[in-house]
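Asker: What follows is a single structure, and I will ask about it in a moment.
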Amino acid sequence: MTFIDWSDAAGMLDLYQEFVRDERNACPSDEDRQSFLSQLLDDVSSIREAEMVDALQKLRAIHESIRGEFSEDPASLHLVELIHELEGLA
């Protein structure tokens with residue numbers, strides 16, 4: 001079991017990325033979802049080194065860009081939760 005340090009923003013981002021990778025690996029026959037999750041992982045990975053305020057703005061923009069069938073995807077819902085937790089640290 002992984003211990004989550006809720007005061008470690010970088011650690012939470014790492015755990016979220018791990019979750020998205022696991023979700024992507026769990027759906028090998030769903031090319032659309034794999035593509036969505038790959039893009040989401042790339043987007044989140046690109047802000048890894050950003051300062052927290054910038055990271056929050058970028059994460060919000062990523063979330064707002066998710067449309068259609070993937071707006072209720074578990075990865076999208078966990079992104080909302082990640083944003084909420086990071087807002088508490090900012």
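Taken together, the values in this text are just the output of simple stated rules run on the coordinates, not laboratory data. In this text, all values refer to a predicted model and were calculated from it rather than measured experimentally. All Cβ positions, glycine included, derive from the backbone under ideal geometry; neighbour counts span all protein chains shown.
Asker: Rg(Cα) of the chain divided by 2.2 N^0.38 Å? Before the final figure, lay out each step's value.
Answerer: Numbers: Rg = 12.7 Å, N = 90, 2.2 N^0.38 = 12.2 Å.
The value comes to 1.05.
Asker: What nm value, rounded to one decimal, do you get for the distance between VAL53 and HIS84 when each label is placed 7 Å out toward the C-beta?
Answerer: The two pseudo-label positions are separated by 2.5 nm.
Asker: Quick one: go through the stretch 52-66 and flag any residue whose amide nitrogen is under 15 Å from the point 7 Å out along the Cα-to-Cβ line of SER35.
Answerer: No residues fall inside that zone.
Asker: Along Cα→Cβ, 7 Å out, is where each label goes; now give me the distance between the ones at LEU77 and GLU64 in nm to one decimal.
Answerer: 2.4
Asker: Relative contact order (percent) for the stretch 9-89, with alpha-carbon contacts under 8 angstrom and 6 or more residues of separation?
Answerer: Working: 55 pairs, mean separation 28.0, N = 81.
Taking the mean separation of contacting Cα pairs over the length of the stretch 9-89, I get 35 percent.
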